[in-house]
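The values are calculated or read from the model by the stated rules, or taken from the named source; none is laboratory data. Just so you know, these numbers come straight off a predicted model, no measurement behind them. Because the Cβ atoms are built from the backbone with ideal geometry, glycine has one as well, and the counts that use them run over all protein chains shown. Just the protein is used for accessible areas: all its heavy atoms, side chains included, with ligands, DNA and RNA removed. Shrake-Rupley method; radii C 1.70, N 1.55, O 1.52, S 1.80 Å.
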Amino acid sequence: MQEKLNEIRALALKRIQESDTPEKLKEIQIAVLGKKGELTSIMKTLKDVSPEDRPKVGQMINDARAEIEKNLEEASKKMQEQVRNARLKAEVIDVTLPAKKPVIGHRHPNTIALEEVERIFVGLGYEITEGPEIEKDYYNFEALNIPADHPAKDEQDTFYINGEMLLRTQTSSTQIHAMEQGKPPIRILAPGRVFRADEVDATHSPSFHQIEGLVVDKNITFADLKGTLAQFAKELFGEDTKVKFRPHHFPFTEPSAEMDVSCFKCGGKGCRFCKGSGWIEILGCGMVHPKVLERCNIDTNEYTGFAFGVGLERIALLKYEIDDMRLLYENDARFLDQF
Ligand code: DAH
């Protein structure tokens, strides 16, 4: 009996030692200590032992049981620790590895250019406003002193929605809204999308953007217009930028002009960028025509004003030296990623 007990004990301890999974430990536990286990069976034969030896043998069985249980528990603990260590090792983060660059979006060149222009004029005290893209003929043409038979209406091939409504061809329509909604002094900058029935090419698109400016106040003269737009050109293209005003015609301004800036690429000597002239045309401008002011119930004896209109794409193309407007609309990520 004693021999049998020692055998069971030794074998169990050896098997525990050799176990490498929690499942194997469980098997040993059942096989040795379980209801029908080896040690349990031997316990049942205790009744066959002589009464005087019984307590001693009983004690021996209990000791064996305790020892096996202790070994099982220790083996199981060790195993859990090994599993944990292996997992920690596998999950270890190498902080010296180069980081993956997150893919983030880029601002569109139009957006960057617009924000730059807005920043300049906000700094001069202008308020940013907007007007509708779908307009009445009145706001796009008539109120701007462009009557039905005016050739300017043909120049700007208009998308009509019906006899009265159209997609605005110019942000100049926002001038009328500003003067109807507010009283002078008015100082607004109104960016927005405009539409013209143009074929797509390197410099044309049926939809593009303009930025309109309008100032109406007492004692506003052409000198204010020149000073403001010269300052704008310097801030946008650099401190050395010179401006030149060429007489022009717009129905809603009198006198009217186009403003050129000295080529910021060659400084005015003439290069491929300015087509050899040293100058780059940038915007249209002029003193608000009295008829336009009158239509908006502004007293022309008291008030005068100036206005200007800039092509946003033109600014973006110039600033980033992009030579084809189509690139701005194709949304090719390889192109946009550069900004
Ligand atoms: N609306 C004109 C155009 O689309 C641009 C323009 C010229 C706007 C002169 C103005 C201005 O405000 O005074 O060609």
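Data for the structure
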read-out: Per-region count, region 252-292, residues more than 22 Å from Asn140 (Cβ to Cβ), within 16 Å of the ligand (Cβ to nearest atom) and open to solvent by 30 Å² or more (accessible area, probe 1.4 Å); value: 2
read-out: Test: residue in region 218-238 that is assigned to a strand (DSSP E or B), within 16 Å of the ligand (Cβ to nearest atom) and buried (at least 20 other Cβ atoms within 10 Å of the Cβ); value: no
read-out: Region 168-192, residues that are under 20 Å from Leu312 (Cβ atoms), in contact with a helix residue (DSSP H, G or I) (Cβ under 9 Å, 6 or more places away or on another chain) and not polar (S, T, N, Q); value: Arg168, His177, Arg187, Ile188, Leu189, Ala190, Pro191, Gly192
read-out: Region 300-319, residues that are more than 30 Å from the chain's Cα centre (by Cα), surrounded by fewer than 23 Cβ atoms within 10 Å (Cβ to Cβ) and within 14 Å of the ligand (Cβ to nearest atom); value: Thr304
read-out: Residues satisfying the stated conditions in region 280-339, i.e. in contact with a Pro (Cβ under 6 Å, 6 or more places away or on another chain) and either more than 20 Å from Ser173 (Cα to Cα) or among the acidic types (Asp, Glu) (or both); value: Ala316, Tyr320, Phe339
read-out: Which listed residue, of Lys78, Lys70, is modelled with pLDDT of 90 or more, under 30 Å from Ile42 (Cα atoms) and assigned by TED's automatic domain parsing to the domain that holds Met43; value: Lys70
read-out: Qualifying residue in region 178-197 (condition: in contact with a Pro (Cβ under 7 Å, 6 or more places away or on another chain) and hydrophobic (A, V, I, L, M, F, W, C)); value: yes
read-out: Ala257 aliphatic (A, V, I, L, M) and over 34 Å from the mean Cα position of the chain (by Cα); value: yes
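Conditions (1) among the hydrophobic types (A, V, I, L, M, F, W, C); (2) within 13 Å of the ligand (Cβ to nearest atom), marked per residue:
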{"position": "Asn145", "(1), (2)": "no, yes"}
{"position": "Leu166", "(1), (2)": "yes, no"}
{"position": "Thr174", "(1), (2)": "no, yes"}
{"position": "Met179", "(1), (2)": "yes, yes"}
{"position": "Glu199", "(1), (2)": "no, no"}
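A quick yes/no check of all residues on (1) of a type in the set (D, E, K, R); (2) at negative phi:
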position: Asp137; (1), (2): yes, yes
position: Phe141; (1), (2): no, yes
position: Pro151; (1), (2): no, yes
position: Ile161; (1), (2): no, yes
position: Thr171; (1), (2): no, yes
position: Pro184; (1), (2): no, yes
position: His204; (1), (2): no, yes
position: Asn219; (1), (2): no, no
